[in-house]
């Protein structure tokens, strides 16, 4: 599920939970993807999210753009088909 582009009603209603993962795709050829664990969510599961980046351990507020994907997890396992 992609987040960001508010022109799509279904994307505007994206919700995340603590423990989900955000993947941000590299913007140029050869640039690595980044991922972060969601540590806290905004109102109704929306952004901004407090995330911890896996490559640096840095915690920050994050407002996802259209280059971000949320992986939803349930009981420590990725939910298949979402």
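Derivation of every value follows stated rules applied to the coordinates shown; laboratory data play no part. Because the structure is a prediction, the values reported are computed rather than measured. Note: ideal-geometry Cβ built from the backbone for every residue, glycine included; neighbour counts use all protein chains shown.
Label reach from residue 39 (point 7 Å along Cα→C-beta): in segment 13-33, amide nitrogens under 15 Å belong to 18-22. Applying 1/(1 + (r/R0)^6) with r as the Cβ-Cβ distance of residue 28 and residue 50 and R0 = 25 angstrom yields a FRET efficiency of 0.35. Compactness of segment 9-72, taken as the C-alpha radius of gyration over 2.2 N^0.38 Å, stands at 1.08.
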